[in-house]
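The values are calculated or read from the model by the stated rules, or taken from the named source; none is laboratory data. It should be emphasised that the depicted structure is a prediction, and the values quoted were computed from it without experimental measurement. With ideal geometry, Cβ positions are generated from the backbone for all residues, glycine too; neighbour counts draw on all protein chains shown.
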Amino acid sequence: MKKAAFWTEERRAYLILVFPAVIIYWAVMAFPTIFSFILSLTNYNGGPVFGNPDVKIVGFTHYVRMFNDKYFWISLKNNGLIMAISLFGQIPLGFLFAYVLHRKLIKFGDFFQTIIYLPAVISTIVIGRLWQSFFSPYGPFTEFMRRFNPTWENELFFDPHLAILPVLFVILWMYTGTYLIIFLANLQKIDPALIEAARIDGATEWQVLTKIILPALSGVIVTTAILAISGSLKSFDLLFAMTGGNPARRTSVLALYMYDNAFRGAPKYPLANAISVFMVLLSLILIMVVRITESRFGGRE
Amino acid sequence: MATQTKIRKSDFHPVLRIVVYVIIGIFTILTLYPLYWLAISSLKTTTEFQLNMIGWPQNPTFRNYPSAWRLAQFSTLFLNSLFFTIVSTAAIILLSLMAGFAFAKIRSKFTGFLHGSFVIGILLTLQSIMVPLFLMVNSVGLYNTRIGVLIPYIGMGLPMAIYLCTEFIKSIPDSVVESARIDGASYFRIFSAIVVPMAKPVAITLAILNVAGVWNEFMLINILVSSDALRTLPVGILKFSGPLAADYGRQFAALMIGMIPMVVFYLIFRKQITEGVSAGAVKG
């Protein structure tokens with residue numbers, strides 16, 4: 001009697017509706033996260049995972065190895081540079097473009113919007129190959145530089161200190177349009193009457209921007225910051241296609257560093273799993289920092 | 001409106017206006033010129049390209065296209081890309097409407113936890129778990145299979161889709177569901193007869209976001225599949241136009257072939273794509 005009452009139609013329907021999505025999502029996202037933490041503490045390096053007598057717990061040795069690897073620090077630094085260009089390049093530029101388009105301060109707004117967002121829909125692999133050719137010794141960039149200095153030698157992709165610059169440029173170019181779209185959509189939600197009234201009261205464009213628009217967008221700015229942070233940890237495809245992490249792995253990022261350890265040369269799965277755990281923790285910590293900053297400095301929803 | 005525009009323009013300093021035009025103009029040129037360069041370079045033979053790297057081709061030829069198509073096996077790549085895109089998109093829409101309906105309209109003490117786990121997933125990056133995912137797919141014997149690619153594709157699309165569906169279905173008045181319940185309709189009947197037809201706008205948003213995402217997806221399929229028969233466009237293009245490829249003409253033609261479908265898709269669905277992107281970013 002009680003059992004029959006437990007499986008009400010409501011509960012059964014809920015279970016059936018939710019079950020497929022939950023099981024797939026947990027299998028693909030949550031389980032691998034936990035799985036990688038467990039594997040990172042073992043010496044598992046291929047072969048059957050379950051019932052394998054050679055798999056032993058080795059504690060945090062792989063994390064120690066990771067922190068002692070200079071390529072880990074190079075990759076982390078590059079992720080930091082990408083994050084910086086996202087936070088301080090893409091977001092302000094995206095906002096500037098959205099603002100002038102929304103306030104119709106320039107002509108042909110629709111055209112500019114279409115073109116600026118275009119790179120975001122093209123395959124990152126195609127983009128990476130295209131710009132690699134563009135910046136390579138046989139590309140237009142070399143020709144352009146030779147207009148100014150006929151003896152200029154293009155060593156962009158061979159110089160370990162310079163090679164990250166074209167990558168950062170392409171990242172700025174690719175994703176500014178996304179922030180433009182996000183800011184534009186949210187600018188359109190601000191009541192035009194509010195701005196109108198302020199203008200009639202004699203407010204300048206600058207005052208409209210700082211007193212009305214920026215406060216209204218503070219929640220969106222936090223959202224874009226979170227997007228930029230998680231987006232910068234996603235960097236993989238572009239570098240894979242553009243530089244492959246070279247020269248001398250100087251343009252590696254964490255995801256590529258993990259890939260290299262797992263799939264290039266002899267597999268080092270335990271190290272790769274440690275990197276995976278580190279990346280998950282890093283993104284959660286960074287997002288928490290943004291959230292805390294938001295509540296501390298009175299950003300509003 | 002007209003007067004409003006006039007007032008505005010008067011205090012937008014002319015110098016500032018020029019600066020804005022210059023920045024936005026540079027951005028536009030930086031998009032149009034490389035694409036133009038790629039297009040004209042794809043019309044040159046490799047020999048001509050080496051002599052004339054940036055000029056208009058002297059003997060424009062489309063010969064690179066058919067031969068790149070054949071050599072890179074574009075027919076297979078297109079079919080696979082279509083397959084993965086269509087199947088995963090359909091599955092994501094169906095599963096997230098189902099779960100979104102349950103989260104929004106059926107009361108349960110599990111909703112907070114389950115729905116919350118999907119929202120966290122919006123921020124989790126698949127890049128950070130690619131190696132464990134590969135090890136897992138491998139250890140359950142799904143390496144190099146279609147299903148071994150589809151399940152991760154569906155799983156990675158679900159967080160955002162479920163978030164958007166739940167929000168959308170919440171906006172359907174409870175009274176609609178309640179009166180159907182009083183009339184004796186089952187939850188599945190309500191789902192198929194009321195929720196699905198009403199959810200068309202959110203389904204379109206999801207379709208567009210997901211088509212763009214899966215069509216261009218590279219990282220996962222690159223590690224989950226090694227057989228030529230299962231490759232999609234990005235993997236095939238990189239393989240063909242890799243850093244060592246010196247056959248410039250065909251390489252550029254291959255990049256053009258890979259790029260054109262998404263550019264056309266974008267120009268047709270520009271409005272829906274931009275709406276979808278901003279809907280997806282409303283809340284991080």
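Inspection of region A:248-267 finds no residue satisfying the criterion of being in contact with a strand residue (DSSP E or B) (Cβ under 9 Å, 6 or more places away or on another chain) and either closer than 30 Å to A:His161 by Cβ or surrounded by 12 or more Cβ atoms within 10 Å (Cβ to Cβ) (or both).
For the residues A:Ile195, A:Ile221, A:Ile212, the requirement of being facing chain B (nearest Cβ under 9 Å) and at negative phi singles out A:Ile195.
Highlighted here are the helices (runs of 4 or more DSSP H) found entirely within region B:196-284 that include at least 3 residues which are closer than 22 Å to B:Leu150 by Cβ: B:200-215, B:219-224, B:233-240, B:248-268.
Which one of A:Leu233, A:Leu271 is surrounded by 16 or more Cβ atoms within 10 Å (Cβ to Cβ) and within 15 Å of the chain's Cα centre (by Cα)?
On the way: A:Leu271 fails: within 15 Å of the chain's Cα centre (by Cα).
Sole residue among the options that is surrounded by 16 or more Cβ atoms within 10 Å (Cβ to Cβ) and within 15 Å of the chain's Cα centre (by Cα): A:Leu233.
Going by what's in this entry, would B:Leu32 be described as surrounded by fewer than 17 Cβ atoms within 10 Å (Cβ to Cβ), away from chain A (no Cβ under 13 Å) and in a helix (DSSP H, G or I)? No.
Condition check ((1) in contact with a Gly (Cβ under 6 Å, 6 or more places away or on another chain); (2) on the phi > 0 side of the Ramachandran plot; (3) within 14 Å of chain A (Cβ to nearest Cβ); (4) crowded, with 21+ Cβ neighbours inside 10 Å) across all residues:
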site	(1), (2), (3), (4)
B:Tyr163	no, no, yes, yes
B:Ala180	no, no, yes, no
B:Ile204	no, no, no, no
B:Val214	no, no, yes, yes
B:Glu217	no, no, yes, yes
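Is it the case, given these coordinates, that B:Ala207 is under 30 Å from B:Leu267 (Cα atoms) and out of contact with any Cys (no Cβ under 9 Å at 6 or more places or on another chain)? Answer is yes for this residue.
Scanning region B:76-83 for residues that are without any contact (Cβ under 8 Å) to a residue 40 or more places away in the chain, assigned to a helix (DSSP H, G or I) and assigned by TED's automatic domain parsing to the domain that holds B:Ser227 turns up at least one hit.
When the test is whether a residue is more than 22 Å from the chain's Cα centre (by Cα), touching a residue at least 24 places away in the same chain (Cβ under 8 Å) and farther than 30 Å from A:Val64 by Cβ, A:Leu217 does not pass it.
Out of B:Thr89, B:Thr61, B:Thr85, one residue alone is of a type in the set (S, T, N, Q), more than 30 Å from A:Ser75 (Cα to Cα) and over 20 Å from the mean Cα position of the chain (by Cα). It is B:Thr61. Restricting attention to region A:33-54, and to residues there that are free of Cβ contacts under 8 Å to residues at least 24 places away in the same chain and crowded, with 17+ Cβ neighbours inside 10 Å, which single residue is nearest to B:Val131 (Cα to Cα)? The extreme case among them is A:Phe35.
For A:Val28, are the conditions met, namely being outside any loop (DSSP other than H, G, I, E, B), surrounded by 14 or more Cβ atoms within 10 Å (Cβ to Cβ) and modelled with pLDDT under 95? Write out each step before concluding.
Working: outside any loop (DSSP other than H, G, I, E, B): yes; surrounded by 14 or more Cβ atoms within 10 Å (Cβ to Cβ): yes; modelled with pLDDT under 95: yes.
It is true that A:Val28 is outside any loop (DSSP other than H, G, I, E, B), surrounded by 14 or more Cβ atoms within 10 Å (Cβ to Cβ) and modelled with pLDDT under 95.
Listed by first and then second residue, the pairs linking a residue in region B:26-40 that is in the same structural domain as B:Pro60 (by TED's automatic domain parsing) to a residue that is modelled with pLDDT of 95 or more and of a type in the set (D, E, K, R), with Cβ atoms under 7 Å apart and 6 or more places separating them unless they lie on different chains, form an empty list.
Have a look at A:Gln113, A:Gln90 and point out the one that is polar (S, T, N, Q) and facing another protein chain (nearest Cβ under 9 Å). Talk me through it step by step, then tell me what you get.
Working: A:Gln90 fails: facing another protein chain (nearest Cβ under 9 Å).
One residue alone meets the criteria, A:Gln113.
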